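Let me begin by presenting the structure, written as structure tokens, before commenting on it.
The values are calculated or read from the model by the stated rules, or taken from the named source; none is laboratory data. None of the values given here were measured: they were computed from a predicted structure. Note that each Cβ is placed from the backbone with ideal geometry, even for glycine, and that neighbours are counted across all protein chains shown. The accessibility values were calculated without ligands, DNA or RNA, using every heavy atom of the protein model including side chains. Shrake-Rupley method; radii C 1.70, N 1.55, O 1.52, S 1.80 Å.
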Amino acid sequence: MLTFERIWQDRRDRIAVQIDQLIVAGWTARDDAAVQHHIEELGALGIPGPSTYPLFYRLGVTQLTQVEHLQVLGPDTSGEVEPVLVSMADGLWVTLGSDHTDRKAEAMGVALSKQLCSKVLGTQLWRFDEVAPHWDRMVLRAWATIDGKRVLYQEGAAAAIRSPQDLMTRCTGQAGLPPGTLMFCGTLNSIGGVRPGSRFEMELEDPVLGRKLVHAYDVEALPVVS
């Protein structure tokens, strides 16, 4: 069970949400050149590209977390900021999340690597219909602490990623996401290449309504013992 603070119009409330289905959309850039760049970026790490795109990975809902301290196995994982859709009985909501992934395992299989790491979510939600008219103007940012230095890791407009409507239609049809479904919508290319860090900070900015969703977590790499 996840707990969110919902923010819409001049109202706020807190709600516990049962997620029954977790979908992680991959290779979702609108620009084919950007997809190819990401394929090449991961190819440099020995990670094979997709047969087609976008792809929709089904993961266990038990991988969802809202922690501020994430434990992972080994030193080869990294986060990536994404807009996240949460479908409830009263409609569609938006938060942000990190599709934290084991990059070493990714070379063996993308679906496997995604299942190996928890997916970290923020703790606040906006109503989707409040941001849908200006979705492309929203901005995603992430910072990573690497070798003790905080660096800008990702930054760009949501316009670089396929629209939520496009992704939902491709994944579940015209009816959209069933209530109880949570979807990660894809990410931006990293600045300086995919690499691990000891802390990951993420932000989704709505410049039209003047607000931000933020979340951060420390990463503890547990030793690999054979």
Condition broken by Ala175, with the remaining ones in (1) at pLDDT 95 or above; (2) small (Gly, Ala, Ser); (3) loosely packed, with under 15 Cβ neighbours inside 10 Å satisfied: (1)
Is it the case, given these coordinates, that Tyr53 is part of a loop (DSSP other than H, G, I, E, B) and among the aromatic types (Phe, Trp, Tyr)? yes
Filtering segment 152-177 for residues that are in a helix (DSSP H, G or I), of a type in the set (D, E, K, R) and touching a Pro at 6+ places or on another chain (Cβ under 8 Å) leaves a count of 1
With the structure loaded, tell me whether Gly210 is modelled with pLDDT of 95 or more, open to solvent by less than 70 Å² (accessible area, probe 1.4 Å) and not hydroxyl-bearing (Ser, Thr, Tyr) or whether it fails that test. yes
Looking only at segment 16-50, count every residue that is assigned to a strand (DSSP E or B), touching a strand residue (DSSP E or B) at 6+ places or on another chain (Cβ under 6 Å) and surrounded by 13 or more Cβ atoms within 10 Å (Cβ to Cβ) and tell me the total. 7
If you check Gln115, Gln63, Gln71, which single one turns out to be under 16 Å from the mean Cα position of the chain (by Cα), open to solvent by 50 Å² or more (accessible area, probe 1.4 Å) and under 25 Å from Val219 (Cα atoms)? Gln115
Give me a count of the residues in segment 118-154 that are among the β-branched types (Val, Ile, Thr), in contact with a Lys or Arg (Cβ under 6 Å, 6 or more places away or on another chain) and open to solvent by 40 Å² or more (accessible area, probe 1.4 Å). 0
Which one is surrounded by the fewest Cβ atoms within 10 Å (Cβ to Cβ) among residues in segment 81-112 that are closer than 16 Å to Arg199 by Cα and free of Cβ contacts under 8 Å to residues at least 60 places away in the same chain? Asp102
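For (1) at pLDDT 95 or above; (2) assigned to a helix (DSSP H, G or I), each residue gets a yes or a no:
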{"site": "Leu85", "(1), (2)": "yes, no"}
{"site": "Ser113", "(1), (2)": "no, yes"}
{"site": "Val120", "(1), (2)": "yes, no"}
{"site": "Leu125", "(1), (2)": "yes, no"}
{"site": "Asp129", "(1), (2)": "yes, yes"}
{"site": "Pro133", "(1), (2)": "yes, yes"}
{"site": "Thr145", "(1), (2)": "yes, no"}
{"site": "Arg150", "(1), (2)": "yes, no"}
I need every pair where a residue in segment 175-192 that is within 15 Å of Gly26 (Cα to Cα) and hydroxyl-bearing (Ser, Thr, Tyr) has its Cβ under 8 Å from the Cβ of a residue that is assigned to a loop (DSSP other than H, G, I, E, B) and open to solvent by less than 10 Å² (accessible area, probe 1.4 Å), sequence separation at least 6 or different chains. Thr187/Thr28; Thr187/Asp99
